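Okay, structure first, notes after.
The values are calculated or read from the model by the stated rules, or taken from the named source; none is laboratory data. Predicted model, so just to flag it, every value in this text is computed and none were measured. As a convention, Cβ positions derive from the backbone with ideal geometry for all residues, glycine included, and neighbour counts pool all protein chains shown.
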Amino acid sequence: MQPSPDRALVIVGHGSHLNSDSAAPIMQHTAALRTRADVRALFSWVQPAFWKEEPALGDVLSMLDCREVVVVPLFISEGYFTEQVIPRELGLSGPAPYHELVDGKWVHYCEPVGTHPHMTDVVIRRARTIIGGEPVSPDETAIVIVGHGTLRNENSALATVNQVAALRARGLYSEVEAVFLDQPPFVDQVTEVVRAGEIVVVPYFIADGYHTQEDIPEDLGIAAGRGVYQNPTVVAGRRIWYSGAVGTAPEVTDLILERAREALTEPPPTALPLPPACAAQQAFVAWVETAIRERGVAEFGQIAIRRSPPGFELTHHEDAPDANLATHTGLTYAEELARLTDAGEYRPLKSAPTLRHGWRLCPLDGPGLCRAVNGFYPASIVFWHQVREGTLAIVPWHETAARQTGMFRAARQLTAQQAQDVAWACCDRSVCLKRLLWDLDAQTPLELDRGQGALVCREACSLFVSMARTVVTSERPAPTTVELSPADLESLRALFGAALVGVALDREGEVDAPLNRRRLRYLLRKIERADRG
Ligand code: SF4
């Protein structure tokens, strides 16, 4: 199953546990690139990867069956993520642009898309599009770029400031200025920083999310409801035109490809071994064929795989194969189907037992089957195979914790008892289908039912890390002591049990919210421990 060309393109984004907005531009550009003939001539596959979603950065190289990989960060600027987090999680030792052998793969790491010189054209086009056919003269118009900014890191504003300089150099607009969410001049000062009667405001952000759809419109004074605003809106006698985030512009697809092309200057230094994912996929298809021959169906997580001549079809394992299911044919539907539950809620954890029902994916040949399964359960095939072969690298919690930086550094302080309780809250089969393989360290095993099944967990996921951080920060300083009788504890336990099945819970990834399922399980665990004395 060696792909041709033997090269993959990975687009990296931040991602989020809370909603799919953050990943939307990555998925948009991934989908656009996968359909292009010029991309397929260079890359056999385009793969998204994330810091706070799946596929995780730490897993993405393992799941690819190509020997050469180009990694393009879809970030607005150089900084903490592009210079520290992404190289560290991918196992790279240098900043971009950089080429390195990582676990037998020749990896090219590119500079972020947001610093590409042609981003200025994207901003100009955004501004022109938003004004549309209105008779607005550019030389009577100010353009204002909104950056995040923060006084804690002077690099945070740099990409926005550089963009302002590049726009001024074009001489197209009477004034070009920057405002920021988190440092002066602030967004609500927009009518003070420019004099023009027409003001075009372009958010220099990758994704349209809370900042671009709520914070900025509010601060500009154009919000007419949550995520609702009119173009133009008159504020203090000036007309304000507001565009979407630059990262969602269709032209950014071309810039991702340009970044990738720029990296292809260094050929692999040596003949490279066949990636483990190739043997894994072959073994997986053989396992599926055997299961279908013997039982008529192969089950993997919540997926049922059956014959659909000349290939395979996938359905939810609880859906009857002859049910009236919506049939999808494209490989990328697996990623889409995996994003939301039946109720339309966002699934930050692909191994949560909440895969939606009512679909059929077919027909799939062997490689297509593996791509689709990886779309539902990223990196699951290669790890499944490595468990069978005894070659899976399992990462204990103390190593995962030691890698955490920035706001997640607090997770390093998780005590052994807290870690046991977080694992009980997060990794139970009722919230995650993976068989947990890691321990706290060589001397301290996790004491819980590790689950069964083909999906395996070789390292604590980003949701576990978030929960660990929440526990550490919320239990510092020492929690209030409340004396409860056995009857009180009994009532609380019953209340938690009822809440876990009976009420609308907070979002799955919102682990610091009071009615989050994992948080409630964590409290239930503490109560049960207290009750046992
Ligand atoms: S750490 Fe726990 S919740 Fe996360 S993937 Fe592993 S088993 Fe599932």
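A few notes on this one:
- Selection status of VAL431, under 30 Å from PHE284 (Cα atoms) and among the aliphatic types (A, V, I, L, M): yes
- Among the residues making up the stretch 354-374, a single one is within 19 Å of ALA326 (Cα to Cα) and of a type in the set (S, T, N, Q): THR354.
- Verdict on THR160 being buried (at least 18 other Cβ atoms within 10 Å of the Cβ), assigned by TED's automatic domain parsing to the domain that holds ARG239, over 24 Å from LEU74 (Cα atoms) and touching a residue at least 40 places away in the same chain (Cβ under 8 Å): no
- Hey, ARG306 among the basic types (Lys, Arg) and either touching a Lys or Arg at 6+ places or on another chain (Cβ under 9 Å) or assigned to a helix (DSSP H, G or I) (or both) or not: no
- Subset tally (residues that are of a type in the set (Val, Ile, Thr), in contact (Cβ under 8 Å) with a residue 60 or more places away in the chain and part of a helix (DSSP H, G or I)) for the stretch 277-303: 2
- Only a single criterion out of (1) modelled with pLDDT of 95 or more; (2) within 13 Å of the ligand (Cβ to nearest atom); (3) not in a loop (DSSP other than H, G, I, E, B) is not satisfied by ALA425, namely (1).
- Hey, ALA442 at pLDDT 90 or above, surrounded by fewer than 15 Cβ atoms within 10 Å (Cβ to Cβ), among the aliphatic types (A, V, I, L, M) and away from the ligand (no atom under 14 Å from the Cβ) or not: yes
- Enumeration of residues in the stretch 107-147 that are small (Gly, Ala, Ser) and part of a helix (DSSP H, G or I): GLY114, ALA127
- The condition of being at pLDDT 95 or above and in contact with a Ser or Thr (Cβ under 7 Å, 6 or more places away or on another chain) holds for only one of ALA37, ALA41, ALA8, ALA49, that being ALA8.
- Count of the stretch 73-106 residues which are crowded, with 20+ Cβ neighbours inside 10 Å, in a loop (DSSP other than H, G, I, E, B) and of a type outside the set (A, V, I, L, M): 2
- In the stretch 466-478, of all residues being of a type in the set (A, V, I, L, M, F, W, C) and crowded, with 21+ Cβ neighbours inside 10 Å, the one that is farthest from the chain's Cα centre (by Cα) corresponds to VAL471.
- Breaking point among (1) among the hydrophobic types (A, V, I, L, M, F, W, C); (2) modelled with pLDDT under 90; (3) farther than 22 Å from ARG409 by Cβ, for CYS457: (2)
- Flag if ARG409 is at pLDDT below 95 and within 12 Å of the ligand (Cβ to nearest atom): no
- When residues of the stretch 285-314 are limited to those that are of a type in the set (A, V, I, L, M, F, W, C) and out of contact with any Leu (no Cβ under 8 Å at 6 or more places or on another chain), the one nearest to GLY366 (Cα to Cα): ALA286
- All of (1) of a type in the set (A, V, I, L, M); (2) crowded, with 16+ Cβ neighbours inside 10 Å; (3) under 21 Å from PRO55 (Cα atoms); (4) more than 16 Å from the ligand (Cβ to nearest atom) hold for LEU340 with one exception: (2).
- For GLU459, the conditions (1) in a loop (DSSP other than H, G, I, E, B); (2) touching a residue at least 40 places away in the same chain (Cβ under 8 Å); (3) more than 9 Å from the ligand (Cβ to nearest atom) all hold with the exception of (3).
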